[in-house]
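One structure below.
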Amino acid sequence: MAQNLYGPRERMGNWNEDIYLEEEVMKDFLEKRDKGQLLIQRNRRLKENLLRPMQLSITEDGYVHCGDKVMLVNPDYPETEADLFLGGDLSLCMTPDEIKAHLSDDLEVPCGLSAAPTKIPVGRNTFIILSADRNAMGQVLRYGQNFCLAIRGGFEDRMLYLSSDHRTLLKSSKRSWLQEVYLTDEASYLNCWQAAFLDPQLRLEYEGFPVPANAKVLLSHCHTNRGLAAHRHLFLSTYFGKEVEVAAHTHLDSHRAEKPRNHWMLVTGNPRKDSSTMLDVPKLPAEDTRALERDTPAPEQGADPGAQ
């Protein structure tokens, strides 16, 4: 009768090779960890750069200048064309691919864009206004003038430009299939944009006037003559959560005027606080509202409603 000559603690099989394999795996893990090459470390560095707090430029004359750091904000408005939409003020944000963002600590090129409800200036939503020839730093930006919108994304050695090109069968926006807007590191005419006055009847009269900061304007792509638009009803699942699509398309109403989807504000910094924007400043009441409040008697000064 055969007897079991091995105890429960006896090693059997290729145990020696398994030990060496585990040691090699642990050695490789520790080496990558010391060099910062683990996926979780690279992913954390990318997220820290994109969410790094930024300081916006503070305007002294109320206008936007070349070289200013601003946020591009699509102001809140009542959406009537869709039942489900993202409300509030939406800022234009850099949005790297969700899968590639988990595999690298560097920015992909070209990089996508989206609109998110954030009012805090960080690396992914702070843009730099540059003149087309890059030689007009400090000069006032004017209606009809070609300029570029650049972003660093929290990186000091990278500069990406807001660009667009004609729609093709292989290249279009993800949800609406309209003209795509993206970020690239190649400087070309595809990076050029123009600011236009909001009212189409006064647009020619305002040509050449300075562009005011924190006021609604239109941003038109020079090469395709399409307006930058935020589609609040088209949601995207991004690396930072649920955001909405941004595309280059001019949405016109029945009066041939651009819809609020094409309205943008070049938001500057708040001089009263650090790391805040002019969106935090409370708006003054309208003149007719103040007149109504002035003419309306206080409760203690009004007549008795029951008096005859």
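The values are calculated or read from the model by the stated rules, or taken from the named source; none is laboratory data. Just so you know, these numbers come straight off a predicted model, no measurement behind them. All accessible areas refer to the heavy atoms of the entire protein, side chains included, with ligands and DNA or RNA removed. Shrake-Rupley method; radii C 1.70, N 1.55, O 1.52, S 1.80 Å.
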Here the gain from full extension of R203 to Y20, 0.36 nm per residue of separation minus their alpha-carbon distance, amounts to 58.4 nm
Taking a probe of 1.4 Å and leaving out DNA, RNA and ligands, the range 55-280 shows per residue an accessible area in Å² of 47
Which of K174/K216; K119/K171; K47/K171; K171/K216; K242/K273; K174/K242 exceed 23 Å between C-alpha atoms? The answer is K174/K216; K119/K171; K47/K171; K171/K216; K242/K273
log10 I(q)/I(0) for the range 55-280, Debye formula on C-alpha points only (no solvent), q = 0.10, 0.14, 0.18 Å⁻¹, two decimals, reads -0.41, -0.85, -1.52
Counting all Cα-Cα pairs in the range 90-194, those more than 24 Å apart amount in percent to 26
The ³J(HN,Hα) series, computed from each phi in the range 256-265 with the Karplus coefficients 6.51, -1.76 and 1.60 at θ = phi - 60°, rounded to the nearest Hz and given as x for glycine or proline, is 6, 10, 5, 6, x, 4, 9, 8, 9, 10
For the range 121-257, the percent of accessible surface on carbon and sulfur atoms (probe 1.4 angstrom, ligands and nucleic acids excluded) is 51
